[in-house]
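The values are calculated or read from the model by the stated rules, or taken from the named source; none is laboratory data. Worth saying up front: this structure is predicted, and the values here are computed from it rather than measured. For neighbour counting, all protein chains shown are included, and Cβ atoms are generated from backbone atoms with ideal geometry for every residue, glycine included. In case anyone asks, the SASA skips ligands and DNA or RNA and just uses the protein heavy atoms, side chains included. Shrake-Rupley method; radii C 1.70, N 1.55, O 1.52, S 1.80 Å.
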Amino acid sequence: MLNDKKFKSLLDHIDVGVIIVDGNYEIVHANPNAKEYLGEMIIGRPIYNIIRNDEVIDMINDQKDINKLFQFTTSAERIIEVLHVQKNVKIGYVILKDKSKEVAFENIRRELVANVSHELRSPLTTISGFIETLQNEELEKDQLKRFLNIMQEEANRMSRIVSDLLSLSKIEINLYSRPKEKINIINEVKIAIDALEIVALESQKKIKLDVSEDIFFTKVIGDSDEIVEVFHNLIENAIKYSFSKTDIDVLVYLEDANLCVEISNMGHGIPDEHIPRVTERFYRVDKARSRDIGGTGLGLAIVKNILLRHDAKLFISSVLNEKTTFKVSFPC
Ligand code: ADP
């Protein structure tokens, strides 16, 4: 049967892994998927050395077929599900499916739900604590005003988290559809700067834009609103995390075949070990500081996802207590 070309070709093309064992449980054939899951060198080895699992040992001892699903982790940390095992005296087969992506996805989903619940619970707890105080105590006018202000701030924070989450999920829905508009980037940078100029002035900061002349006729493919959101988030962070009375520098220039936008600020900076993680959802270097200045921990996750959709890259460099630069590079 194993010499049958058609049968082998069928095994080569199905999207599950298939292992065939002989009467001694030695693997005599594995299709490409099974070799990819378990390694190229599995032919000739006993199945119980490859899938070290009680169910497989029971099958060998009891000569029973297994219809119950079970999972095992390979030495390369892949999670493989065994869909079916069948064995008689002379021959048997095992059908496998790689579940690593699904398990990873499920873990991310679970972590996100836990994070969202946690992030929303803390402002909720504050608000309900104050409501209880207001219900039970006679307060002076000043104190009442202060409590109401705190409640308002916390409610605003919840609303920012929810709107950032909605923004993130909208981007994720479109993640694999490429944008089609041709945009000029400088317009998008200017829209973001105009919207934030007043915020910068409030802490006596100035946003300085420097555009190199050779880019005026360069266009990139992109979604204008999303690109404005990228620069809005990056410039807003530069304002939030910079020392007071400093400048935020925005440079737009061409580098090889890429249009680059650099946003730099002088501030505490980001320690090297945190740099790879700051684009994760809800990741903050200093939670308390981010919270005090109204952060949600979602801004850079939004930036990362928008840039992914645009095939653009983000580079972060930071010298502690000096300059931090976020550089975005678009193919053009
Ligand atoms: P947040 O809402 O907390 O600002 P972000 O996703 O925008 O969330 O950023 C994640 C974290 O990255 C921030 O909490 C902060 O610790 C760090 N960060 C972002 N931009 C800067 C910057 N320009 N300088 C220093 N740290 C920054």
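In a fully extended conformation the segment linking ARG277 and LYS245 would gain 8.7 nm over its present Cα-Cα distance, using 0.36 nm per residue.
Give me the net charge of ARG281's neighbourhood, meaning all other residues with Cβ under 10 Å from the Cβ of ARG281; Lys, Arg count +1, Asp, Glu -1.
Here the charged neighbours net out to -3.
Legend: residue pairs LYS205/LYS304; LYS219/LYS304; LYS182/LYS240, Cα-Cα distance threshold 28 Å; pairs beyond threshold, LYS182/LYS240. In vacuum, with every alpha carbon of the stretch 210-259 counted as one equal point scatterer, what does the Debye formula give for log10 I(q)/I(0) at q = 0.28 Å⁻¹? Two decimals, please. Computed log10 I(q)/I(0) values: -1.12. Taking only the alpha carbons of the stretch 102-173, we obtain Rg and Dmax values of 16.9, 56 Å in that order.
Taking Cα centre as origin and charging only the Cβ of basic (Lys, Arg, +1) and acidic (Asp, Glu, -1) residues, the dipole magnitude of the stretch 230-299 rounds to 500 debye.
Peptides 130-143, 157-170, 288-301 ranked from most to least packed by the mean count of surrounding Cβ atoms within 10 Å: 288-301, 157-170, 130-143. Ordered from longest to shortest, the equivalent ellipsoid semi-axes for the chain are 53, 30, 16 Å, each the square root of 5 times a Cα gyration tensor eigenvalue. Put a plus charge on the Cβ of each Lys and Arg, a minus charge on the Cβ of each Asp and Glu, and nothing anywhere else: the dipole of the chain about its Cα centre is then about 580 debye. Within the accessible surface of the stretch 50-157, defined with a 1.4 Å probe on protein heavy atoms only, the carbon and sulfur portion equals 51 percent. Dipole magnitude for the stretch 5-98: about 340 debye, using +1 per Lys or Arg Cβ and -1 per Asp or Glu Cβ, origin at the Cα centre.
With Cα atoms defining each centre, the stretch 79-99 and the stretch 1-60 are spaced 8 Å apart in the structure.
Applying a DSSP loop filter and a limit of 16 other Cβ atoms within 10 Å to the GluC sites (Glu not before Pro) in the stretch 245-332 leaves GLU280, GLU322.
Using a Gaussian network for the chain with springs between C-alpha atoms less than 10 Å apart, which of these wobbles most: LYS245, LYS182, LYS35? Most flexible of the set in this elastic network: LYS35. Over the stretch 213-316, accessible surface divided per residue gives 46 Å², non-protein components excluded, 1.4 Å probe. Quantify how much of the Cα-Cα distance distribution of the stretch 240-332 extends past 19 Å, in percent. That tail contains 44 percent of the Cα-Cα pairs.
Dipole of the stretch 25-136 computed with +1 at Lys/Arg Cβ and -1 at Asp/Glu Cβ about the Cα centre; of TYR48, SER128, SER75, farthest Cα towards the positive end is TYR48.
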